[in-house]
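So the structure is just underneath, and the comments pick up after that.
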Amino acid sequence: MPEKIKVVVTRQLIPEAQKLLESEPNLEIIQWHNENPCDRNWLLTNAPNSTGILLTLSDKVDTELLETAGPTLKVISSFSVGTDHIETSAVKHRNIRLGYTPTILTDAVADLAVMLILMAQRRGGEGIRNVLDGRWPQMPWSPALMTGPQIGGSVVGFLGFGRIAQATVKRLVPFGVEKVVYLTSRPGERAREDYFGLLRDQPVSIEPAGSWEEVARESDIVVVACSLSESTKHLVGTEFLGMMKKEAVVVNIARGPVVDTDALMKALDEERIFGAGLDVIEGEPNITADHPILRQKRCVLVPHIGSATFNTRMGMAMESVRNLLAVLRGEEMVNECVL
Ligand code: DGY
């Protein structure tokens, strides 16, 4: 590596990854040493003449940033699987390499999908709230109290069928699901054998759906696991929710704007669906205590914690540093995004 290469890092990293970054002697590291997202002006002020930028899903990569960084910029390494914060066409146009962390968080997010399905079906949020608000004495055990649907025997519909969706299927099959339908933008891509090999002995049918309408109509559990794009924004909106079964739940582990929050609240108010479990929501993280979604008893919302396990976040941090260093050293990235 030639002398002092400037890299900009938009977040304090996990200690092991920070150590790895700092172990590279030829770097001039300009870093936002904070757990919270960096200020956009700070990024724009520090981007000029940088060769690499390591950033997170809170940082928008657009023409403004790329032009401000200038022609020295060779690599962007994103501490994320999602790339919707990145204007990929602009990155490609400038021949900038893009690294990301697509595989390491699969299990953690699939685990959370199962948690949200259970919370939505079994009224977890509502139950906890009843206890915290001191209502248990007024609602002793009774046969129909707090009843809800269960996973066994259900049809699970996936919007998007990549790694995380398939890892979720693997977890759900032992619960006794009857059928899985999925909609994918890459219908030619075969489901990965390592997941489906395990399912060979299970009597579960796993079939592509012909349309989103089919997913909406057939599913008892809808899992949103697709990336955010023009065509998936508000895919789960009034029409979709209107076609869902009355006892079905919808879970979003992908990106908030795939679900139209107003339409979801209306569907919940009118009891057109049973419940929802959300790890992500439009407008996050600016969801304050007065947000109307929080008044929905049948909606469980957690603050984008899908990948938040110790091991996963450590792995993501290490991989994003490795991706950054790889390009600077002329080596292959652990995971490079094909643009
Ligand atoms: C990602 O990496 O894109 C996830 O949403 C973070 O949990």
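Just so you know, all these numbers are worked out from the coordinates, no wet-lab data involved. Values in this document were obtained by computation on a predicted structure and should not be read as measured data. Methodologically, a virtual Cβ is constructed for each residue, glycine included, from the backbone with ideal geometry; neighbour enumeration extends over all protein chains shown.
Okay, here's what the table says:
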quantity	calculated
The chain, relative contact order [Cα under 8 Å, separation at least 6], %	19
Residues whose placed amide H lies under 5 Å from that of Val180, excluding near-sequence neighbours	Val156, Ser205, Ile206, Glu207
Virtual spin-label span in nm between Thr72 and Glu16, 7 Å along Cα→Cβ	3.2
Leading residue at positive end of dipole, the chain (Cβ point charges), from Ile293, Leu112, Phe175	Phe175
Region 201-268, Cα convex hull volume normalised per residue, Å³	101
Phi to ³J(HN,Hα) by Karplus 6.51 cos²θ - 1.76 cosθ + 1.60 over region 96-108, Hz, x for Gly, Pro	8, 7, 10, x, 8, 10, x, 9, 5, 9, 3, 5, 4
Nonlocal amide H pairs with Val9, under 5 Å, H built at 1.01 Å	Ile30, Gln31, Trp32, Leu54
Rel. contact order, % - alpha carbon contacts under 8 angstrom, at least six apart, region 189-336	16
About the Cα centre, charge dipole magnitude for the chain (Lys/Arg +1, Asp/Glu -1 at Cβ), debye	400
Listed residue (Thr232, Leu339, Thr68) projecting farthest to the positive dipole end of the chain, Cβ model	Thr232
Derived scalar couplings ³J(HN,Hα) [region 71-77; Karplus, 6.51 cos²θ - 1.76 cosθ + 1.60; whole Hz; x for Gly, Pro]	x, 6, 5, 10, 9, 10, 10
More than 19 angstrom apart: percent of Cα pairs within region 15-67	31
Per-residue Cβ neighbour rank within 10 angstrom, fewest leading, Val7, Val204	Val204, Val7
Long-range amide H partners of Leu278 with built H, under 5 Å	Asn252, Val300, Leu301, Val302
Cα-Cα pairs of region 106-301 separated by more than 25 Å (percent)	33
Cα-Cα pairs of the chain separated by more than 25 Å (percent)	56
Neighbour-count order for Cys226, Cys337, fewest beta carbons within 10 angstrom listed first	Cys337, Cys226
Relative exposure of Ile128, Ile151, judged by other C-beta atoms within 10 Å (fewest first)	Ile128, Ile151
Max mean-square fluctuation residue, GNM over the chain, Cα-Cα springs under 10 Å, options His304, His234, His33	His33
Length-normalised contact order of region 106-301 in % [C-alpha pairs under 8 Å, at least 6 apart]	23
Equivalent ellipsoid dimensions for region 14-119 as semi-axes, Å, which come from the Cα gyration tensor, largest first	27, 18, 13
For region 223-238, 3J(HN,Hα) per residue [Karplus equation, 6.51 cos²θ - 1.76 cosθ + 1.60, θ = phi - 60°, Hz, x = Gly/Pro]	10, 8, 9, 9, 7, 8, 8, 4, 7, 9, 4, 6, 4, 8, x, 3
For the chain, built as a Gaussian network whose Cα springs stay under 10 Å, the top-fluctuating residue of Arg171, Arg11, Arg129	Arg129
Among Arg295, Arg255, Arg322: highest mean-square fluctuation, GNM of the chain, C-alpha pairs under 10 Å	Arg295
Crossing angle, helix 310-329 versus the chain [Cα axis fit, 0-90 degrees, rounded to tens]	30
